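**Student:** The structure under discussion is supplied below as structure tokens; questions concerning it will follow.
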Amino acid sequence: MKIRKNDNVMAISGKDRGKTGKVLHVFPKTNKVVIEGINIRKKHSRPKKQGQKGQIIQVSAPMDASNVMLVCSSCNKPRRAGYKVFSAEGGNKRTRICKKCGSEI
Ligand SMILES: [Zn+2]
């Protein structure tokens with residue numbers, strides 16, 4: 001999966017289509033991501049003590065990584081990402097690049 005934590009991504013399907021947010025968690029095994037402010041679910045919490053009120057907490061639910069696109073910080077648009085391989089000390093390394101402008105994302 002090309003998406004990493006703290007990436008800026010845009011939702012491309014679902015009710016939050018077109019919204020952007022920061023990646024908070026990545027689950028490579030299930031190919032899911034949690035994005036700040038996207039795919040919000042309401043959770044109801046019961047009062048724990050007497051006299052306390054139950055609350056509704058809004059949390060971002062995991063969504064499929066195929067439903068989000070990386071946002072290139074140079075073009076400021078959702079872009080497909082590619083990899084560029086370069087040789088460095090200790091062997092080849094790869095960096096993730098924007099397929100449109102070629103800058104690192
Ligand atoms: Zn770009």
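The values are calculated or read from the model by the stated rules, or taken from the named source; none is laboratory data. Just so we're clear, the structure is a prediction, and the values are computed from it rather than from any experiment. Every residue, glycine as well, gets a Cβ built from its backbone with ideal geometry; the counts of neighbours run over all protein chains shown.
**Student:** Provide a single number: the residues in segment 5-28 that are aromatic (Phe, Trp, Tyr) and assigned to a loop (DSSP other than H, G, I, E, B).
**Tutor:** Looking only at that region, the number is 0.
**Student:** I need the full set of residues from segment 54-79 which are within 16 Å of the ligand (Cβ to nearest atom), at negative phi and not β-branched (Val, Ile, Thr), in order please.
**Tutor:** Met69, Leu70, Cys72, Ser73, Ser74, Cys75, Lys77, Pro78, Arg79
**Student:** Out of everything in segment 46-77 that is at pLDDT 95 or above and in a strand (DSSP E or B), what residue ends up being surrounded by the most Cβ atoms within 10 Å (Cβ to Cβ)?
**Tutor:** Val68
**Student:** Regarding segment 36-45, can at least one residue be identified that is within 16 Å of the ligand (Cβ to nearest atom) and surrounded by 17 or more Cβ atoms within 10 Å (Cβ to Cβ)?
**Tutor:** Checked against the condition, which is being within 16 Å of the ligand (Cβ to nearest atom) and surrounded by 17 or more Cβ atoms within 10 Å (Cβ to Cβ), segment 36-45 yields no hits at all.
**Student:** Quick test for you: out of Gly82, Gly18, Gly90, pick the one residue that is away from the ligand (no atom under 14 Å from the Cβ) and either surrounded by 11 or more Cβ atoms within 10 Å (Cβ to Cβ) or modelled with pLDDT of 95 or more (or both).
**Tutor:** After ruling out the rest, the residue left standing is Gly18.
**Student:** Then there is this: Could you grab me the full set of residues in segment 29-45 that are in a loop (DSSP other than H, G, I, E, B) and not charged (D, E, K, R)?
**Tutor:** Answer for segment 29-45, where residues must be in a loop (DSSP other than H, G, I, E, B) and not charged (D, E, K, R): Thr30, Asn31, Gly37, Ile38, Asn39.
**Student:** Every residue in segment 93-105 that is in a strand (DSSP E or B) and within 16 Å of the ligand (Cβ to nearest atom), please.
**Tutor:** The answer is Thr95, Arg96, Ile97, Cys98, Glu104.
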